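Down below is the structure, laid out as structure tokens.
Computed from the coordinates by the stated procedures, all read-outs in this text should not be read as laboratory data. What you see is a predicted model, and the numbers here were worked out from it, not measured in a lab. Positions of Cβ are generated from backbone atoms using ideal geometry, with glycine treated the same way; all protein chains shown enter the neighbour counts.
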Amino acid sequence: MEELSPRAQAKRRQITDAARALFLSQGFARTSMDAVTAEAGVSKQTLYAYFASKDELLIAVVGEALQTLGSQQGIPPARTREELRATLIGFGERLLDTMLRDESIAILRLLLGEAAHVPELRSTFLEALPYQLLGRGTAILAGAAANGVIVLDHPEISVRMLLGPLMSYVVFGGLMSNDAPQRPGGETIEWLVDAYLRTLDFTTPDATAPNLESPDAGGAA
């Protein structure tokens, strides 16, 4: 998409904000382009100048939302085991804080409901969320390896062992729950990170590694 002027960007945002509100409140199928023009306060001509179809509008709405979910600030590479542990705990906390919000879950449900009918949504989802999270997790591990903290041949594979358990809380405590999203407690995130750290090959022994014999599963969905 060609770069828009500030005025055009504001108009486009006006349209996508209106569409997102309607999609989330009444569903994609029941939202007409006429309803979007009314909600956004624009003409049909203006709407179609930015989005040629309702599918294209949906892709834009979901893409923007997923980019927000996947965004995390740059993190300096860990130089010690303790720094790596703290970095991974922070990564997990930010991930779950962002994903387990009412609107985040609503967007994911909208995406899953329409992905079968709008194939382009699948690549939008993969690029904007899973690949972003995998990339950030991989960067954390690669940074620690570069600093000589761990030895790791395939960080992009290893990080899935942490992301999978974290995302299970999004699925079971958010997407598949009839109640408000349930975020696990800090102790649970720490336990998951400590269990994951046990799978890594550290370059120096750690006599203070946490005992995981009796995990605290508080806050589980």
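Under 5 Å from the amide H of Ile150 lie the amide H atoms of Ala145, Thr203, each residue being 5 or more positions distant or on a separate chain, with H modelled from the backbone and absent for Pro and chain starts. Tell me the Kirkwood radius of segment 1-122: reciprocal of the mean inverse pair distance over distinct alpha-carbon atoms, in Å. The answer is 16.3 Å. Here the chain is treated with +1 on each Lys and Arg Cβ and -1 on each Asp and Glu Cβ, and its dipole about the Cα centre works out to around 600 debye. Across segment 181-190, coupling constants 3J(HN,Hα) worked out from phi with the 6.51/-1.76/1.60 Karplus curve, θ = phi - 60°, read x, 10, 8, x, x, x, 5, 5, 4, 4 Hz, and Gly and Pro carry x. Residues whose amide H falls under 5 Å from that of Leu129, counting only those 5 or more places apart or on a different chain, are absent, with hydrogens built in the peptide plane.
Over the residues of the chain, the helix contribution to mean residue ellipticity at 222 nm works out to -19500 deg cm²/dmol, using -39500 (n - 2.57) for each DSSP H run of at least 4. When each of the peptides 13-23, 193-203 is scored by the mean number of other C-beta atoms lying within 10 Å of its residues, the order from highest to lowest reads 13-23, 193-203.
Just checking the listed ones, Leu88, Leu126, Leu66: in the Gaussian network model of the chain with Cα springs under 10 Å, the one fluctuating most is Leu126. I'd like the FRET efficiency for Ala146 and Ser177, computed as 1/(1 + (r/R0)^6) with the beta carbon distance as r and R0 of 45 Å, rounded to 0.05. With R0 = 45 Å, the Cβ-Cβ based efficiency is 0.70. Extension gain for Ala35-Asp97 works out to 19.1 nm (0.36 nm per residue, less the C-alpha to C-alpha distance). Helix 160-170 and the longest principal axis of the Cα set of the chain meet at an angle near 50°. The string of couplings for segment 99-111 from the Karplus curve (6.51, -1.76, 1.60, θ = phi - 60°) is 6, 8, 10, 4, 5, 4, 5, 4, 5, 5, 5, 4, 4 Hz, one whole number per residue in order, with x for Gly and Pro.
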